[in-house]
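The values are calculated or read from the model by the stated rules, or taken from the named source; none is laboratory data. Predicted, not measured: the structure shown is a model, and the values here were computed from it. Positions of Cβ are generated from backbone atoms using ideal geometry, with glycine treated the same way; all protein chains shown enter the neighbour counts. Heavy atoms of the whole protein, side chains included, go into the accessibility calculation; ligands, DNA and RNA do not. Shrake-Rupley method; radii C 1.70, N 1.55, O 1.52, S 1.80 Å.
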Amino acid sequence: MLTRSSTPRRSIANTVVLFSSWLLANSVSPSGVVYAAEPFYLRDGDRVVFYGDSITEQAHYTLPIEVFLRTRCPELKVSFINSGWSGDRAWGGEGGTLDERLQRDVIAHRPTVVTVMLGMNDGYYTNYDPKAVAAFQESLAQLIDTLERALPGVRITLLGTSPYDKVTPGDQPDWEQGIEGGYNAVVVRFSAATREIADRRGLVFVDMNEPLVRLLTQMQATNPQLARQLIPDRIHPGSAAGLVMAARLLAAWNAPAAGHTTRVDATGTAGGVCRVRQELPLPFPVDRHDELTKVCVESSPELQRWTRDELRVTHLPFGRASLQVDGREVGLFTAEQLAAGIELSGLDTPLASRAAEISTLVQLSNRLRFARWRKLRMPFPDGAPTAVQEAAEELASIEQELLALQQAAARPTPHVIEIVATEQ
């Protein structure tokens, strides 16, 4: 439910130049994106920090959100920082106390938007304890107060933590065998406590628990082997589940619907070729060859909104045709199929290749950012040696180059669609 409440540097740089040559030769446009009735929660110039535990740190739900903005809303200049820390609880953890974490890993970035997902570790992997929930809410309220004081106008979204998988069968770990109703029954209490805080403070809340439990239950009934892969270790959602979570958050933020229909009227076509030149939307990249991802897309209405672009060709004067985009044949279709609409986003088009490259660049940027934060900055709280500082600056410079490539890749440009008569 959604509620509105040096040498290594040169080597990498050369790779960046190669990426740039390929990407600039195939730039595309988000033309045709339809915006929701309410304004998109994210605005031009926003800086978003994702705060949480290892479920956030692994980036399975944060990366798709960044890729969505890069591919579908490239006109919005929004930056993203993942500040998840494995094992974190509302009061803090191995990364420091709550105040230390907030000052260093959130406030220092001066974000305009912060998402918070905590609760999995706050139950301490034992039976429900109302005192633990009360302490959790107290720390969560302190977190919000600290952010609002330090960052006037900051927009905070609270996420109910994803589930502990109690649906799929298998041996229970020793620690869980004594928990009445299973550990997710405890986790749900923390999600409800998060919702209470969001309602009380007028913040956006997104339930990540119930949708994934529902998906687990559906998949367990139809394909138990796939169901077991959704949350492989029962705690951390995999990348396919992360797509569902990202779609839930984007829906709560009133993200522009990515589904778009490109219409071509073939009236007057001569010589067996219908050729048009127009802008096409860059697809939101999804690995449709992965069976688990495919099932997740088919099962999530929110995810479907961002993963379907159609092409409809009417009045085609021949019965069967080869569809080509920018000179690449992507499939053979009948006139009836083209008139009814074919799903462009599911075909191996140059646009799909471009979107996949942008996704790769986003992932690389995130890895560099994480290395700079956790491997270079964190070991030296009182100031890093000069060589380490220089290395961190080099990585920051490369991140900016990668961001420039992402932006260039989505630059609007026309594409050529050809429907060529064929006897095959």
Worksheet item: What do you reckon, is Ser79 of a type in the set (Gly, Ala, Ser) and closer than 25 Å to Leu280 by Cα?
Response: yes
Discussion item. Just to be sure I understand, how many residues within region 269-321 are in contact with a Leu (Cβ under 9 Å, 6 or more places away or on another chain) and small (Gly, Ala, Ser)?
Written reply: 3
Item to complete: Examine region 146-158 for a residue that is under 16 Å from Ile55 (Cβ atoms) and out of contact with any Lys or Arg (no Cβ under 9 Å at 6 or more places or on another chain), and state whether such a residue exists.
Response: yes
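Please specify each residue of region 304-315 satisfying the condition of being open to solvent by less than 30 Å² (accessible area, probe 1.4 Å) and closer than 20 Å to Gly271 by Cα.
Val313
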Worksheet, complete the sentence: Filter region 167-197 for residues that are open to solvent by 70 Å² or more (accessible area, probe 1.4 Å) and modelled with pLDDT of 95 or more; the one that is nearest to Val106 (Cα to Cα) is Glu196
Worksheet entry | Matching entry among Arg374, Arg369, Arg328, Arg320 (being within 16 Å of Val276 (Cβ to Cβ) and open to solvent by 20 Å² or more (accessible area, probe 1.4 Å)) | Arg328
Worksheet item: Considering only region 266-285, how many residues are in contact with a Ser or Thr (Cβ under 6 Å, 6 or more places away or on another chain) and open to solvent by 30 Å² or more (accessible area, probe 1.4 Å)?
Response: 2
Worksheet item: If you check Thr97 against the conditions, is it under 19 Å from the mean Cα position of the chain (by Cα) and either open to solvent by less than 10 Å² (accessible area, probe 1.4 Å) or closer than 21 Å to Glu148 by Cβ (or both)?
Response: no
Worksheet item: What number of residues within region 167-219 are part of a helix (DSSP H, G or I), in contact with a strand residue (DSSP E or B) (Cβ under 6 Å, 6 or more places away or on another chain) and of a type outside the set (A, V, I, L, M, F, W, C)?
Response: 4
